[in-house]
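Presented below is the structure to which this report refers.
No value in this document is a laboratory result; all are computed from the given coordinates. In this text, all values refer to a predicted model and were calculated from it rather than measured experimentally. Cβ atoms come from the backbone with ideal geometry, glycine included; neighbour counts cover every protein chain shown.
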Amino acid sequence: MTALLLAALLVAFLAPPWLTAALLTAAAVYGWRHRQTLTAGRPAAGAGASSAARARALRTPLVRLASAVGIQTEAARLADRCDAGAAGERQVAALLTELTAQGWTVLPDRALPRGEANVDLLVFSPKGVVFNVDAKLWRSRPALTVEGGRLMHGDRDVTRRLRGLTYETRTVANLLGVRVLSIAAVIGPLPSGTELRAAGVRIIPAADLCTVLRRLDRETLPQQRAARLVDTAGRLLPPKTGR
């Protein structure tokens with residue numbers, strides 16, 4: 001494939017403009033279809049899988065071609081944000097391996113019964129406390145604060161960015177028949193030891209995640225046996241992407 005693309009590019013430099021455009025488009029389409037063939041039947045699964053799949057879908061041949069010639073498109077910008085989100089989810093999932101080694105269970109990238117939303121990381125403690133952990137990326141400046149119950153990023157009200165998490169938590173709680181705690185694990189502007197509350201969500205630095213989950217687990221009464229909850233969640237909330 002690489003040789004074919006290089007040949008197409010070489011011819012493109014020697015061809016008239018209309019033929020150059022046609023050759024570059026054809027090369028982009030061929031490369032995209034080749035990648036689709038290689039990944040067909042084995043979509044990625046795990047933390048960040050849905051965001052990564054969304055990024056791949058957004059980068060159509062024409063979007064890739066536009067990027068290659070220096071044209072920024074809204075689809076490419078959204079794909080970049082999806083890729084960043086996927087990386088953030090994987091980073092937070094990696095932090096949770098400290099807990100899984102101690103008997104906790106993590107179900108990543110779970111689909112809800114309706115709609116396109118997904119749960120980033122559904123976490124179960126050994127005694128059956130359930131957490132909906134959502135990875136959030138914010139720029140390091142300005143700071144995150146809570147004013148009058150509203151989450152502020154500098155002077156911008158970003159409370160609406162918690163709506164998806166609260167909806168997912170409510171849906172999971174109804175499905176499992178237990179209380180589910182909402183955690184926004186922030187990669188960015190929160191110093192270690194910070195804990196904010198807004199819209200029913202605890203907002204903490206991602207680096208503090210394991211410490212906070214252990215503390216909340218100690219403070220929360222058991223609900224159901226963890227194994228039963230994990231089994232029920234596995235059936236009712238299947239992986240959003242892959243199997």
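In this structure the amide hydrogen of Leu181, modeled in the peptide plane, comes within under 5 Å of the amide hydrogens of Val130, Phe131, Asn132, none closer than 5 places in sequence on its chain.
A simple spin-label model places pseudo-atoms 7 Å from Cα toward Cβ; at Thr194 and Ala143 they are separated by 0.7 nm. Between Glu116 and Arg225, the distance separating the two model label sites (each 7 Å from Cα on the Cα→Cβ line) works out to 4.0 nm. Placing unit charges on the Cβ atoms only, positive for Lys and Arg and negative for Asp and Glu, gives segment 92-236 a dipole magnitude near 260 debye about its Cα centre. Paramagnetic label reach from Thr166 (point 7 Å along Cα→Cβ; backbone nitrogen cut-off under 17 Å): within segment 132-153, residues 132-134, 145-153. With the cut-off at 1.5 for a/c, could you classify segment 166-224 from its C-alpha gyration tensor as rounded, prolate or oblate? In terms of gyration-tensor shape, oblate.
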